[in-house]
Amino acid sequence: MEANDFLSEFGLSRTAIRTKLVQILMDANEALSSKEIEAFLDDNIDRVTLYRTIKLFEEKKLIHKIVVDEQITKYRLIKPNKNTEHPHFHCVRCDKVVCLPDTPLPCCDLPEGFSVSNQNTIIEGTCQKCNK
Ligand SMILES: [Zn+2]
Ligand SMILES: [Zn+2]
């Protein structure tokens, strides 16, 4: 799928920054932080526009946000028809974050009258590269 098709799929018009952002996220094999995204962009990029675009993508559910801790927040494109309710793996050495879409979320026995609205499961360890 092309970046522009992706945008129209979600009812968004094309702008240079939107297309570029989708392209970057499509090419990545792992979730990216806003800092990592910035590194792919020209130095003269308007950061306000970039952050606004990330926010818009999040609202429109093109991307999902993965919060590892106060320092690390990453974003990953949502593939059409894929669920975002999945655990994530965080490498404690290189801070790589990957989605584990085929791993079911652990469920819990909630106390009577409680209900779940959001589940954020982060599995920590070391990635293949760091294990070498
Ligand atoms: Zn690693
Ligand atoms: Zn994910």
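Quick notes on this one:
- Within region 106-117, one or more residues are closer than 21 Å to LEU62 by Cα, open to solvent by 50 Å² or more (accessible area, probe 1.4 Å) and not hydrophobic (A, V, I, L, M, F, W, C).
- Matching helices (runs of 4 or more DSSP H) fully within region 1-54 where at least 2 residues are of a type in the set (Asp, Glu): 3-9, 34-39
- Boolean, LYS79 is closer than 28 Å to CYS130 by Cβ and at pLDDT below 95: yes
- Filtered residue count, region 66-110, keeping only those that are in contact (Cβ under 8 Å) with a residue 12 or more places away in the chain and among the polar types (S, T, N, Q): 4
- Failed item, numbered, when ILE24 is tested on (1) open to solvent by less than 50 Å² (accessible area, probe 1.4 Å); (2) touching a residue at least 24 places away in the same chain (Cβ under 8 Å): (2)
- Within region 39-50, not a single residue is within 11 Å of the chain's Cα centre (by Cα) and either surrounded by 12 or more Cβ atoms within 10 Å (Cβ to Cβ) or within 20 Å of CYS127 (Cα to Cα) (or both).
- Search result, residues across region 81-104 that are within 14 Å of ligand 2 (Cβ to nearest atom) and of a type in the set (Asp, Glu): GLU85, ASP102
- The listed residues are ILE78, ILE123, ILE72, and the only one of them that is within 11 Å of ligand 2 (Cβ to nearest atom) and of a type outside the set (Phe, Trp, Tyr) turns out to be ILE78.
- Scanning region 101-132 for residues that are touching a Phe, Trp or Tyr at 6+ places or on another chain (Cβ under 8 Å) and assigned to a loop (DSSP other than H, G, I, E, B) yields a single hit, CYS127.
- Selection of region 73-100 for residues being part of a loop (DSSP other than H, G, I, E, B) and surrounded by 15 or more Cβ atoms within 10 Å (Cβ to Cβ) yields ILE78, HIS86, PRO87, ASP95, LYS96.
- Looking across GLU85, GLU112, one residue alone is over 27 Å from TYR51 (Cβ atoms) and away from ligand 1 (no atom under 16 Å from the Cβ). It is GLU112.
- Against the list (1) within 16 Å of ligand 2 (Cβ to nearest atom); (2) exposed (fewer than 15 other Cβ atoms within 10 Å of the Cβ), the condition ILE66 fails is (2).
The values are calculated or read from the model by the stated rules, or taken from the named source; none is laboratory data. Keep in mind the model is a prediction, meaning the values are calculated, not measured. Cβ: placed from backbone, ideal geometry, glycine included. Neighbour counts: every protein chain shown. What goes into the accessible areas is simple: the full protein's heavy atoms, side chains included, and nothing from ligands, DNA or RNA. Shrake-Rupley method; radii C 1.70, N 1.55, O 1.52, S 1.80 Å.
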